[in-house]
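These notes are about the structure you will find just below.
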């Protein structure tokens, strides 16, 4: 299974992924590139930004209409 497939499966399970998660779990150094590939394939992936001194991206699939996102 490819890194992109692993990432998609995690997102489909409702997980939120950070670059560090992707590196530790899937050996993926370029999560943003894998997310871009998934977006090209039609997956609606949302990017959030952390509110820390060293901001990082947090990715998740867009929830179906009517469902609310959880706060970070």
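The values are calculated or read from the model by the stated rules, or taken from the named source; none is laboratory data. None of the values given here were measured: they were computed from a predicted structure. Methodologically, a virtual Cβ is constructed for each residue, glycine included, from the backbone with ideal geometry; neighbour enumeration extends over all protein chains shown.
Would you check which residues across the stretch 13-33 are in contact (Cβ under 8 Å) with a residue 12 or more places away in the chain, surrounded by fewer than 16 Cβ atoms within 10 Å (Cβ to Cβ) and either closer than 16 Å to residue 47 by Cβ or under 10 Å from the mean Cα position of the chain (by Cα) (or both) and list them?
Within the stretch 13-33, 14, 15, 18, 20, 32 meet the criteria.
Might you check whether a residue that is part of a loop (DSSP other than H, G, I, E, B), at pLDDT below 95 and out of contact with any strand residue (DSSP E or B) (no Cβ under 7 Å at 6 or more places or on another chain) occurs anywhere in the stretch 19-40?
no
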